[in-house]
Each structure stands twice: as structure tokens, then as C-alpha cells.
Amino acid sequence: MGSTNNGVADVPLRFDDDARRAKLAAAREAKAAREAALQVEREEAEIARAELVERLEHETGGREGDAFAIVDATDVRAGFVVVKLGDFVLFKAFSNSKMTEVDVDAFVLPCVVHPSKDEYRKLAMQRAAIPLRCANALASLYGVKEGREQGK
């Protein structure tokens, strides 16, 4: 018997082993390329968000979380949606509603400042959770506290 490596006898490499190793190397390279591409996407999204914040702070004269909110939809490859604080009656009507899809749309759509309202509608049709994220962001702008903060 040949020498052992960690208790396993040395076995000459076979074609199957070479092919498997080549496939593994190719899979690892493909994975590294995907991860590199995702990193570039994350960095580009970070730059886009920073530019958006700067532009909106200049345009609104307010700060993020005060005058506007940025809803991150990069996890679904949809970029960012920006909503600004709307009229009080929008919030009052929404808080008194049954919060159906129509109610969420009536609450969110007038407050969308990025992307265009038409682009937002398309996005909302493709990604059903985006309007809810926007409604939550707007509620925070109106002063609704989340989770444990509500009871304080």
C-alpha cells in the first residue's frame, strides 16, 4: 500500500479527478466573477444613493428622514424610490382607511419624487412590496414610530 495522507492511501489521479478539479476551478472562477459584479453593483448603488441624497437635500432644503425618505429597492434590482412628506390630509385619510392596495397607492403616489410617477407605477406592478415599503417610509416621515418605540 502507498503512503497515507491523513489516513487516506495515496491514489493516483484519474481522468475523473482531473475533470472534476477543472469543473471545480471553473465554478469557483464563475462564482468569483459573479461576486465581483455584485460588488460593483453595490458600489454603484452607494454612489447613486449619495448623489440622490445630496440633490434632494439641495432641492428640498431638508434632510433625509425629515423632508424625504429613500426606499432602497436595490435588493430587487429596482434602484431607489424617493418619497417626500405630503399634505397632512394624505396621512389622515390613509390612517383612517382599510389600507388596501388602492389606499396605499393614494397615499404614496402623490409623494413620489423619484423615479417619475409613471416609472414608479411600473415598478409597483412588478414588485408588489415596494408600495408597502414606501408607505412605511412615509409613515415614518409623518412621525409614526416603529416597533418598541410606539409604546414610549
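The values are calculated or read from the model by the stated rules, or taken from the named source; none is laboratory data. These numbers come from a predicted model, not from an experiment. Cβ placement follows ideal geometry from the backbone for every residue including glycine, while neighbour counts extend to all protein chains displayed.
Find the residue count for segment 1-29, including only residues that are in a helix (DSSP H, G or I) and either at pLDDT 90 or above or of a type outside the set (Asp, Glu) (or both).
Final tally of qualifying residues: 12.
Could you say whether any residue in segment 96-113 is within 29 Å of ALA37 (Cβ to Cβ) and either free of Cβ contacts under 8 Å to residues at least 40 places away in the same chain or not in a helix (DSSP H, G or I) (or both)?
No, segment 96-113 contains no residue that is within 29 Å of ALA37 (Cβ to Cβ) and either free of Cβ contacts under 8 Å to residues at least 40 places away in the same chain or not in a helix (DSSP H, G or I) (or both).
Of the conditions (1) in a helix (DSSP H, G or I); (2) at pLDDT below 90, LYS145 satisfies every one except a single condition; which number is it?
(1)
Of everything in segment 59-92 that's in a strand (DSSP E or B) and acidic (Asp, Glu), which residue is farthest from the chain's Cα centre (by Cα)?
Only one residue fits best here, namely GLU64.
What about GLU59, is it free of Cβ contacts under 8 Å to residues at least 24 places away in the same chain, touching a strand residue (DSSP E or B) at 6+ places or on another chain (Cβ under 7 Å) and either within 30 Å of VAL40 (Cα to Cα) or among the β-branched types (Val, Ile, Thr) (or both)?
no
For ALA32, are the conditions met, namely being more than 30 Å from TYR142 (Cα to Cα) and either at pLDDT 90 or above or part of a helix (DSSP H, G or I) (or both)?
Here the answer is yes, as ALA32 does meet what is asked.
For segment 105-124, what are the residues that are surrounded by 14 or more Cβ atoms within 10 Å (Cβ to Cβ), over 20 Å from GLY65 (Cα atoms) and more than 19 Å from the chain's Cα centre (by Cα)?
Within segment 105-124, ASP105, ALA106 qualify.
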